[in-house]
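Read through the structure below, which is laid out as structure tokens, and then see the notes.
Just so it is clear, none of the values below were taken in a lab; they were calculated from the coordinates. Remember, predicted model here, so these are calculated numbers, not experimental data. Glycine also receives a Cβ, built like all others from the backbone with ideal geometry; neighbour counts cover every protein chain displayed.
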Amino acid sequence: MDPTFVNGLHALLTTASASSDTTQIKAATATLAQQYYRNPQCVPALFQILLTAPDAGVRQLAGVELRKRIASNHAKLWTETAVEIRNEIKTKILEFALHEPISIVRHTAARVIAAIASCEMREKAWPTLLPWLYEASTAPAASTREVGVFILYSLTDSINEPFSAHVSEVYELFRRTIQDPESMEVRVNTIRALGMLAQFIDAEEKGQVRTFQSIFPQILAVLRDCVATDNSDGAKHGFDVIETLLILDTPLIGKALPELVEFFLTVAVNKEVDESIRVMALNALIYTIKYRKNKIQSLGLAKSILERIMPIGCEDEPDEEEEDNPCRLCFRCIDSLATTFPPSQVFPTLHTLVTQYVSSPDPSQRKCAMVSFGVAIEGCSEYIRPHILSLWPFLDAGLNDQEWRVRKAACIALGCVCEFLGDEAAERHEIFLPAILRLMGEEQTRSTACQALDSYLECLGDHILPYLDELMVRLIGLLETADRQMQSTIIGAIGSAAHAAKARFTPYFPEFMKRIEPCFFLTKEEDLDLRSIAVDTAGTLAEAVGAEAFRPCFEPMMQQAMAGLKLESYRIHECNYLFFIVMSRVFPDLMEPYLAAIVPELMKSCKEAEYKIGSADELEAALLGNGTAEAPLEIKSDEDVDIDLEDAADADVDDILNVSSAQAVEKEIAADAMGQIFANVKLPFLPYVENCLEMLVALLEHYYEGIRKAAVQSLIEFLRTFYVLANYEWTPGQPSAPLHDNVVKIRDVIMEALTDASSSDEEKSSVAVLCSTLGELLTSYGPTVLGTYGEQVANLATSVLDRTHVCQQDTDQETLPEDMLDEDQAEYDSVLTSSAMDLVAGLAHAYAGEFKGAFPKYMTLIATYAGKGHSLADRSAAIGTFGEIIGAMGAAVTEFTEPLFQILYPALADEGVEVRSNAAYALGVLVENSQVDTSSQYVNILRTLQPFFQTPESAAGTTLNARDNACGAVARMLLKNLTAVPPEQVLPTLFAALPLKNDTQENKPVFKCILHIYQANPALLDPYWDLLLKLFQHVLVPAGETEIDDETRTALLALVSHLNQVIPDKVAAAGLAQVQA
């Protein structure tokens, strides 16, 4: 070997590792890459430097670079090295690893051994390696065992199935090393190696599964000892391994799950344990809840978990929003329970605990109660909704608590209520708004109260009008004196006020725009969040006040938004894209000149690389390729960039993670903007369709579910917009017109991409979005939407409804007998199955009567969700879907009349008002469409519907909706058979419930029924003309125009014109004399 080459390499490595001069380091790195690392001599030269360099930093860097050179380009440089040199390296590096005194250099040498082994073991060219490792791992000296086991771990981390031919021997070896009597390092690295091996065990390999399950208690014992000795590094590795085992499909934990959960809880609640380890335990518990849902559910552990972790929520929280601590993770755990399990298994226990805590004299417990209630709402909102009146006093007490921390927590809870129970919260504006405004006047609660106000105004609607003046005075006054962060919150709240008030905000618009205009020019990094919020709010204002009022601001705002794209800020880009979406809605005809600049920026964002990594704690493991929770756990950009631990030693971990998250959100918004802008501006966007389409299809495979969802929605919007541009018209039940070739091409590309992606998507939310949006498209445009992909779409709906889709396969599902699986499901699971029902309904609309061939299969599946063992949301969705399908199938539903009646009739007496409402509608359309004479059931149906009409006008919207649907059902029954029951017994009740309050679509059968009665037997209506004419006036005057369709309006006008000849005084008294047909 050329000594000059070695000396030059050594000198450059010394500069790169020791110099503090950036210029020198860059120059040395460039020289190394160009003049040394492409030469096969670099392999033996780097090895010589690794062995002989006196400086540990140089040895370390030489080892890192040697591993890279061996591993890169399919081991090209290694294979070009002479065999005798390779053999010498293999012999000497083992001894070097044993005797190197510096731990990090020793570990680097182990990774070099693993890199060599990945080449040599494939060719069976290193037969002495495994025997040497077995001997080293069981040697008398602990230091030797540590080296041996770490190399074994490095092999498992670097080589696929490294011990496939020696499985039994390896497990026996690890049974010994996991119980090493002297070295915790040996034990920890053993469980790390076992964690890697676990990823290669197939569920069908029963022997290996049993072997691993028998070792698992020892894995837990190592983790328990790490915690007991405050070994945070060892504990971190142990928790990483446990999380790996939790997400694997193969059941490797076995019957130890209750013990594992108990361990997590014991560590989490113990304040004597280091906080970082408690955080790890709580994170692991959250993983267990997510990935062992069925097992925890069958064991009934949710209750005990809640009871054990609630005291943690009484501890102090950190000031930094991103910082994890036990208290914050306690609430995250409660959120996981609420969103993962059926609400019936979570909320009753939580309600008991919250009630107990809120009565405590300890303000920390009252604070905990408020936040716990708030975080549980997301997963339990539908379960809570019928009981919300009984929960308001709890929230009222929190908003008025004597302790500011409790009031602050109550603001957080109220924000959660607004997001998921907004309509119900809006009804209490007379209570909530004064409370929020009062808390905005307190320094300690001001910021959180403003955030609550922002959320509350978002859902307030017309209820805001009496408060608008006071709100604007208060908010503008605060804006004058607030700091930057507070200004962002206030501007956002004013945007929400505009959203609620809509055009009524116009008087405030000019003054407010002047006040926020300086924000559009902010460029300092610390001010960019404020600029982002201001731009986003400007878009909200444009939509509220309308095009005419906002038009003078359009061009200058577009210029500022375009300028903002040049700033290095993900948040700015995100909000600017949202602004462009709004502008394309409000000013579709003015957007064309800007598309040439906007679309490339959207494409650029979608191409931007971001890091794939789950948490800060996983950084080291990720960089080392150590698999843990949210695989793949290595840092990797979308471009294939290799990042080593040694290269990233000085990286700011939080910056890396924040960049990843922020960039993913920007990419999500960019993908969403493509579809929405195209849908809004249409023709001018056509030149950009091809590139955007290609990008969106690629994003269907992205690891982040939000981006996949956005891509799905935009692809559906692309297809919908092409139908619009083609002026495609379709009438349900009629043959479909042929599609234009361009639409066919786009459809085929999109449907192939969507069906392929949906078959392997493991996230429920993105599958749900596809099902629901595709169902809507089928309802609008019929079977041509499917092309040749009808079978795949039908299979998608079937697989979700029978819970066999990949996104529904919990890792522990196969370990439980079917009779232990609960019918009830989490509300997010209900969203998925409900979306699949939407898809089935879309198929029914598309195929009309032809759907009867597929209906029996879907009827059985959907009926399952209508059973009493299912949640209110499931039952409501199932019964509602039957109504949609019956209406779509028309007379073809006849042969299914009896089984459908057996499903729908009992639902009229369901405890859930939404179910009863949907059942009334579905039974009505069944009677209307079936050719079977159902008049023999009229008396029973009417008797069951009677309570629907005993509804006070002050009742909740859902109850009034049920009454409206009952009116529609009775009308359809009378239309089908006017003589099946005495009309004089039915009509008074029906007419007394009019006009309809909520579901005005039912006006069509109601007025059709009235017209039918007038034609068949007009005398029946004589006692009711005063009431009916008042009803006609209600729907025919301008304010009521939207309550009836054109066909009904025309028929009613004709009837009024006729009545004006028959009973002119009554018509005039009703204010209808001047109404023209």
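Where does helix 232-247 land angle-wise versus the long Cα axis of the chain, in degrees 0 to 90, nearest 10?
Helix 232-247 sits at roughly 50 degrees to that axis.
Could you sort 771-783, 31-43 so that the peptide with the highest average Cβ count within 10 Å comes first and the rest follow in order?
Numbers: 771-783: 22.2, 31-43: 16.3.
Going from most to least packed, we get 771-783, 31-43.
Taking N as the number of residues in the range 256-332, what value does Rg over Cα atoms divided by 2.2 N^0.38 Å take?
Values: Rg = 12.2 Å, N = 77, 2.2 N^0.38 = 11.5 Å.
That works out to 1.06 for the range 256-332.
So what's the back-of-envelope 222 nm ellipticity for the chain, counting only DSSP H runs of four-plus at -39500 (n - 2.57) apiece and dividing by all residues, rounded to 500?
-22000 deg cm²/dmol
Less than 10 Å Cβ to Cβ from V932, Lys/Arg counted +1 and Asp/Glu -1: what total charge do the surrounding residues give? Intermediate values should be presented prior to the final figure.
On the way: positive: none; negative: E895, E898, D933.
Net local charge, V932 excluded: -3.
Rounded to the nearest 20 debye, what is the charge dipole size of the chain about its Cα centre when +1 sits on each Lys and Arg Cβ and -1 on each Asp and Glu Cβ?
Details: 83 positive and 151 negative charges, 259 e Å.
That gives a dipole near 1240 debye.
Determine the gain in length on full extension of the stretch R210-E323; use 0.36 nm per residue of separation and subtract their C-alpha separation, reporting nm with one decimal.
On the way: separation 113, 0.36 × 113 = 40.68 nm, distance 3.96 nm.
Here the answer is 36.7 nm.
Would you be so kind as to identify which of P684, S760, P906 lies farthest towards the positive end of the dipole of the chain, taking Lys and Arg as +1 and Asp and Glu as -1 on Cβ and the Cα centre as origin?
Ranked along the dipole, the leading option is P906.
For the range 1-127, what value does the Rg/Rh ratio take when both radii are computed over Cα atoms and Rh is the Kirkwood radius, given to two decimals?
Details: Rg = 14.1 Å, Rh = 14.7 Å.
Checking Rg against Rh, the ratio lands at 0.96.
Please report the orientation-averaged projected area of the range 342-445, defined via the convex hull of its C-alpha atoms, in nm².
On the way: hull surface 23.8 nm².
Convex hull of Cα atoms, orientation-averaged projection: 5.9 nm².
Just the ratio, please: alpha-carbon radius of gyration of the range 726-790 over 2.2 N^0.38 Å, N its number of residues.
On the way: Rg = 12.8 Å, N = 65, 2.2 N^0.38 = 10.7 Å.
Against the compact-globule rule of thumb, the ratio is 1.19.
How tilted is helix 484-501 with respect to the longest principal axis of the chain? Cα atoms for both, answer in degrees (0 to 90, nearest 10).
Here the helix axis deviates by roughly 30 degrees.
Just list whichever of K868/K1004; K236/K764; K68/K236; K255/K290; K682/K745 have alpha carbons separated by over 22 Å in the model shown.
Working: K868/K1004 32 Å; K236/K764 30 Å; K68/K236 27 Å; K255/K290 18 Å; K682/K745 18 Å.
As for pairs spanning more than 22 Å Cα to Cα, those are K868/K1004; K236/K764; K68/K236.
In percent, what relative contact order does the chain have, based on Cα pairs under 8 Å that are 6 or more apart in sequence?
Details: 1456 pairs, mean separation 59.5, N = 1077.
This gives 6 percent for the chain.
What number comes out for the charge environment of V186, summing +1 per Lys or Arg and -1 per Asp or Glu over other residues with Cβ under 10 Å away?
Its environment carries a net charge of -1.
Run the dipole for the range 1-115 about the Cα centre, Lys and Arg Cβ at +1, Asp and Glu Cβ at -1, nothing else charged, and hand back the magnitude in debye, nearest 20.
Values: 12 positive and 9 negative charges, 74 e Å.
Using Cβ point charges on Lys, Arg, Asp and Glu, the range 1-115 gives about 360 debye.
Provide the gained length on full extension for the span A165 to L1053, in nm with one decimal, where the gain is 0.36 nm per separating residue minus the Cα-Cα distance. All intermediate terms of the calculation are to be shown ahead of the outcome.
Working: separation 888, 0.36 × 888 = 319.68 nm, distance 8.63 nm.
Working it through step by step, the gained length comes to 311.0 nm.
Using a 7 Å offset from Cα along Cα-Cβ at D1045, what residues in the range 725-741 end up with backbone N under 20 Å from the label point?
728-737
Roughly how big is the range 304-395's charge dipole about its Cα centre, with Cβ charges of +1 (Lys, Arg) and -1 (Asp, Glu), in debye to the nearest 20? Don't skip to the end; give the middle numbers.
On the way: 6 positive and 14 negative charges, 132 e Å.
So the dipole magnitude of the range 304-395 works out to roughly 640 debye.
At a 10 angstrom cut-off on C-beta neighbours, averaged per residue, how do the peptides 128-139, 993-1004 rank from highest to lowest? It would help to have the intermediate numbers written out before the result.
Numbers: 128-139: 16.6, 993-1004: 18.9.
Most protected by this proxy first, the peptides run 993-1004, 128-139.
Work out the FRET efficiency for R224 and S298 from their Cβ-Cβ distance, taking R0 = 35 Å, and round it to the nearest 0.05. Present the calculation step by step, with values, prior to reporting the outcome.
Numbers: r = 25 Å, r/R0 = 0.72.
Efficiency, rounded to the nearest 0.05: 0.90.
Extension gain A891-E762, at 0.36 nm per residue separation less the Cα-Cα distance, in nm? Kindly include the intermediate steps, with their values, before the conclusion.
Numbers: separation 129, 0.36 × 129 = 46.44 nm, distance 3.88 nm.
Result: 42.6 nm gained on full extension.
Using the C-alpha atoms of the range 650-805, what convex hull volume per residue, in cubic angstrom, is computed? It would help to have the intermediate numbers written out before the result.
Working: hull volume 19.0 nm³, N = 156.
Enclosed volume per residue, from the Cα hull, is 122 Å³.
Quick one: helix 446-458 against the long Cα principal axis of the chain, what's the angle to the nearest 10°, folded into 0 to 90?
Helix 446-458 sits roughly 50 degrees off the main axis of the chain.
In terms of the ratio Rg/(2.2 N^0.38 Å) built on C-alpha atoms, what value belongs to the chain? Please list the in-between numbers first.
Working: Rg = 34.0 Å, N = 1077, 2.2 N^0.38 = 31.2 Å.
In units of the 2.2 N^0.38 Å rule of thumb, it is 1.09.
Testing the spin-label approximation: label points 7 Å from Cα along Cα→Cβ at S359 and L389. State their distance in nm.
2.3 nm
Measuring from label point to label point, each 7 Å out along Cα→Cβ, what is the T979 to S935 span in nm?
Simple spin-label model gives 0.7 nm for this pair.
Got a sec? How would L861, L353 order by Cβ neighbour count within 10 Å, fewest to most? Walk me through the numbers before you get to the answer.
Details: L861 20, L353 23.
With the sparsest Cβ surroundings first, the list reads L861, L353.
Any idea which of L978, P258, H702 is furthest toward the positive side of the dipole for the chain, if Lys and Arg beta-carbons carry +1 and Asp and Glu beta-carbons -1?
Highest projection toward the positive end goes to L978.
Which of G63, A97, I116 sits closest to the plus end of the dipole of the range 1-127, meaning its Cα is farthest towards the positive end, when Lys and Arg get +1 and Asp and Glu get -1 on the C-beta?
I116
Lys and Arg at +1, Asp and Glu at -1: add these up for the other residues within a Cβ distance under 12 Å of A449 and post the number.
On the way: positive: R407, K408, R438, R446, R474; negative: E442, E443, D454.
Local net charge: +2.
Cα-Cα pairs above 17 Å in the range 180-310: how many percent?
Details: 4761 of 8515 pairs.
Tail fraction, whole percent: 56.
Take the Cα pairs of the range 107-181, get the Kirkwood Rh, then feed it into Stokes-Einstein at 10 °C and 1.306 mPa s and tell me D in µm²/s. Could the numbers behind the result be given before it?
Numbers: Rh = 12.5 Å.
Answer, rounded: 127 µm²/s.
Rounded if a/c is under 1.5, else prolate if a/b beats b/c, else oblate: with a ≥ b ≥ c from the C-alpha gyration tensor eigenvalues square-rooted, which is the range 337-396?
Numbers: a/c = 2.14, a/b = 1.53, b/c = 1.40.
The shape class here is prolate.
Go ahead and collect, in residue order, the members of the range 970-989 whose backbone nitrogen is under 14 Å from a label point 7 Å along the Cα-Cβ direction of A1019.
Flagged as within label range: 983-984.
Grab every C-alpha pair in the range 459-527, bin the distances at 5 angstrom width from 0 up to the longest one, and report whole percents.
3, 15, 28, 25, 15, 8, 4, 1
So for each of 933-943, 88-98 I average, over its residues, the number of other beta carbons within 10 Å; can you give me the resulting order with the highest mean first?
On the way: 933-943: 14.8, 88-98: 18.2.
The densest-packed peptide leads the list: 88-98, 933-943.
Would you mind classifying the range 950-1077 by shape? Square roots of the alpha carbon gyration tensor eigenvalues, ordered a ≥ b ≥ c; an a/c under 1.5 is rounded, otherwise it is prolate if a/b is larger than b/c and oblate if not.
Working: a/c = 1.66, a/b = 1.21, b/c = 1.38.
The shape class here is oblate.
Each label point is 7 Å from the Cα along the Cα-to-Cβ direction; what then is the distance between the points at S143 and K1030, in nm?
10.0 nm
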